[in-house]
Amino acid sequence: MCEPEHARLLDETDRRLIKILQVDGRMANTDIARELGVSETTARKRIGQLVSRGLINIVAVPTPLAVGRSLSAIIGISVLLPELRAVGEQLKQQPEVRYVGVSTGRFDIIVEAFFCDQHHLLGFTSNTLGQIQAITAVETFVILDVVKFSYEWEI
């Protein structure tokens, strides 16, 4: 199993705290403290430290359906290599795009994006991607069914 440097900085209480928050990020500090067997102040400070050290984020993540996006696609993009970073920067500005990764292999950039429908996807690929001159090829993979989607990591 991978153990990044940050993971070694977590003690057993931090690991247990993170697991609790993965199940319910809105759990009250008093309930967290009770489950951990520590004071509420300790639980609150531990959470604050984990956030300030950049080891956890506590956020509400709307599902694509909550914002009217029922079509999901993974898009593989080939680009002129000197323009790789510039294209990535352009793609991250698009409201449909949730993830942009520079990759190795067949595609230079992998994008995950969400759309209202097929026409929205068509407009994005032909108009938005079509206007970026450094893009040399695009391959779109429409997601038919999501079998697993998780924010949980083994800590």
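What FRET efficiency, computed as 1/(1 + (r/R0)^6) with R0 = 41 Å and r the Cβ-Cβ distance, is obtained for Thr140 and Ala28, rounded to the nearest 0.05?
My answer for the efficiency is 0.40.
Using label points projected 7 Å from each Cα along Cα→Cβ, tell me how many nm separate Leu81 and Ala66, to one decimal.
Each label point lies 7 Å from its Cα, and together they span 4.1 nm.
Using a simple charge model, +1 on the beta-carbon of Lys and Arg, -1 on the beta-carbon of Asp and Glu, nothing else, what dipole does segment 5-52 show about its Cα centre, in debye to the nearest 20?
60 debye
Can you list residues whose amide H is under 5 Å from Arg98's amide H, if they're 5+ apart or on another chain and H is modeled 1.01 Å from N?
The list, which skips near neighbours in sequence, is Glu112, Ala113, Phe114.
Mind checking the angle between helix 40-52 and the chain's longest principal axis? C-alpha axes, 0 to 90 degrees, to the nearest 10.
Taking Cα atoms only, the helix is inclined about 30 degrees.
Which one is right for this structure if semi-axes √(5λ) of the Cα gyration tensor in Å is calculated from it: [x] 46, 22, 12; [y] 39, 19, 13; [z] 24, 17, 15?
[y]
In terms of Cα to Cα distance under 20 Å, which aspartates and glutamates are near enough to Lys92, apart from those fewer than 8 places away along the same chain?
Output for Lys92: Glu83, Asp108, Glu112, Glu139.
Take the Cα atoms of segment 64-143, build their convex hull, and give its volume per residue in Å³.
Spread over its residues, the Cα hull of segment 64-143 gives 78 Å³ apiece.
Given H placed on each backbone N at 1.01 Å, which residues far from Val38 in sequence or on other chains put an amide H within less than 5 Å of it?
Here nothing satisfies the definition.
Only Lys, Arg, Asp and Glu count, each charged at its Cβ (+1, +1, -1, -1), so figure out the dipole size of the chain about its Cα centre, rounded to 20 debye.
About 360 debye.
Based on alpha-carbon centroids, what's the gap between segment 103-146 and segment 11-88 in Å, whole number please?
26 Å
Using Cα atoms only, what is the angle between the long axis of helix 12-23 and the major principal axis of the chain, expressed in degrees (0 to 90) to the nearest 10?
50 degrees
Once the dipole of the chain is set up with Lys and Arg at +1 and Asp and Glu at -1 on Cβ about the Cα centre, which of Tyr151, Ala43, Phe141 lies farthest towards its positive end?
Ala43
Place a point 7 Å from Cα of Glu35 in the direction of its Cβ. Which residues in segment 47-68 have their backbone N less than 16 Å from it?
Residues passing the 16 Å test: 47-48, 57-59.
Every number here is computed from the coordinates shown, using simple stated rules; none is lab data. Given the structure is predicted, the values throughout are model-derived calculations rather than measurements. With ideal geometry, Cβ positions are generated from the backbone for all residues, glycine too; neighbour counts draw on all protein chains shown.
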